[in-house]
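The values are calculated or read from the model by the stated rules, or taken from the named source; none is laboratory data. Remember, it's a predicted structure, so these values are computed and weren't measured experimentally. As a convention, Cβ positions derive from the backbone with ideal geometry for all residues, glycine included, and neighbour counts pool all protein chains shown. With ligands, DNA and RNA removed, areas are computed over all heavy atoms of the protein, side chains included. Shrake-Rupley method; radii C 1.70, N 1.55, O 1.52, S 1.80 Å.
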Amino acid sequence: MPRFLEVQAPDHGVRLITLYRPEALNALCTELLAELANELSSADNDPQTLAVVITGNRKAFAAGADIAEMAERDLVGIFNDPRAAHWQRIAAFSKPLIAAVNGYALGGGCELAMCADIVIAGEEARFGQPEINLGIMPGAGGTQRLLRAVGKPLAMQMVLTGEAITARHALQAGLVSEVTQPELAVERAMQVGRSIATKAPLAVRLAKEALLKAGDTDLASGLRFERHAFTLLAGTADREEGIRAFQEKRPAQFKGC
Ligand code: DAK
């Protein structure tokens with residue numbers, strides 16, 4: 001049983017994972033990160049799970065890496081930091097990951113939101129990379145993913161000043177896809193997840209992979225990947241079902257094959 005997560009069984013294909021370390025504003029200690037990486041691996045292998053929503057509480061999605069834990073690590077400790085492998089496993093989750101963010105998403109918390117494919121923010125959410133105030137810099141994607149999401153000027157401003165931005169600013173900048181009232185963020189994220197869960201799982205998986213390629217490859221390679229992925233889907237029963245259902249004017253019943 002995880003100590004720092006609450007996990008619900010899939011609801012219409014969507015598994016809800018809630019970070020639960022309220023006394024430290026969901027600071028991402030190594031154990032929490034390990035539990036999250038394990039939970040996502042298990043969701044990846046579970047055919048009943050077609051998407052995952054990750055959330056925190058009203059005050060904090062996550063206030064970053066655990067500063068007390070970080071203080072104990074010297075250079076060699078950071079060099080051999082087990083958190084890096086947990087972050088890699090989180091980022092490698094192959095199904096759609098939706099973050100429902102309320103409150104603080106700071107440092108590693110903002111980086112965790114950026115590992116998600118879709119981010120829904122409650123209007124009181126705050127996104128920031130305050131590591132610079134601690135004499136360090138982001139270490140889990142906060143320079144690379146943030147710049148790709150919001151562009152150079154805002155990424156520079158956030159990382160170099162450590163100042164957080166509002167949910168509305170994050171929406172305008174492209175860091176989040178929707179802003180809701182705080183109490184509706186999780187339900188809206190679940191709704192988006194349930195919508196995705198009705199689609200053909202192989203098409204969803206390849207579409208996610210192709211979209212992620214756009215962020216880390218040149219256009220010609222990205223287009224080549226898209227073309228191959230598109231072609232692969234021509235061999236699936238779900239493609240046949242999708243087209244037939246359209247022609248027969250009925251909802252498609254996808255099977256993931
Ligand atoms: N770590 C540990 N404890 C934290 C914490 C954190 N990041 N954030 C908050 N807490 C704890 C506080 O110490 C306090 O505990 P008690 O004193 O009650 O025991 C409790 O949560 C409530 O916090 P506050 O009393 O401070 O609450 P306030 O409402 O007054 O302020 C705040 C909320 C979010 C503005 C403030 O707590 C704050 O500034 N927190 C720190 C935010 C921060 O600097 N985050 C960045 C951390 S550095 C890497 C991967 C990732 C990273 C690095 C490397 N590798 C794989 C290499 C990431 C680094 C970071 O995220």
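Before moving on, here are some points about what is shown:
The rows are residues; the columns are (1) at pLDDT 95 or above; (2) farther than 14 Å from MET190 by Cβ; (3) assigned to a loop (DSSP other than H, G, I, E, B).
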{"position": "MET1", "(1), (2), (3)": "no, yes, yes"}
{"position": "ARG15", "(1), (2), (3)": "yes, no, no"}
{"position": "ASN26", "(1), (2), (3)": "yes, yes, yes"}
{"position": "LEU33", "(1), (2), (3)": "yes, yes, no"}
{"position": "LEU40", "(1), (2), (3)": "yes, yes, no"}
{"position": "THR49", "(1), (2), (3)": "yes, no, yes"}
{"position": "VAL53", "(1), (2), (3)": "yes, no, no"}
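- The residues of the stretch 184-212 that are within 15 Å of ILE118 (Cα to Cα) and among the polar types (S, T, N, Q), listed by number, are GLN191, SER195.
- Residues in the stretch 106-158 that are farther than 24 Å from ALA85 by Cβ, open to solvent by 30 Å² or more (accessible area, probe 1.4 Å) and away from the ligand (no atom under 16 Å from the Cβ): ILE118, GLU123, LYS152, PRO153, MET156, GLN157.
- Any hit, the stretch 61-71, residues being under 13 Å from the mean Cα position of the chain (by Cα), in a loop (DSSP other than H, G, I, E, B), in contact (Cβ under 8 Å) with a residue 60 or more places away in the chain and under 21 Å from ALA170 (Cα atoms): no
- For the condition near the ligand (Cβ under 8 Å from one of its atoms), open to solvent by less than 20 Å² (accessible area, probe 1.4 Å) and in contact (Cβ under 8 Å) with a residue 40 or more places away in the chain, ALA43 does not qualify.
- Just so you know, in the stretch 47-60 the residues that are open to solvent by 30 Å² or more (accessible area, probe 1.4 Å) and away from the ligand (no atom under 16 Å from the Cβ) include one that is farthest from GLY122 (Cα to Cα), and it is PRO47.
- Selection count, the stretch 12-36, where residues are under 30 Å from LEU202 (Cα atoms) and more than 12 Å from the ligand (Cβ to nearest atom): 11
- Per the listing THR166, THR198, THR180, THR161, the residue uniquely touching a residue at least 12 places away in the same chain (Cβ under 8 Å), among the polar types (S, T, N, Q) and open to solvent by less than 50 Å² (accessible area, probe 1.4 Å) is THR180.
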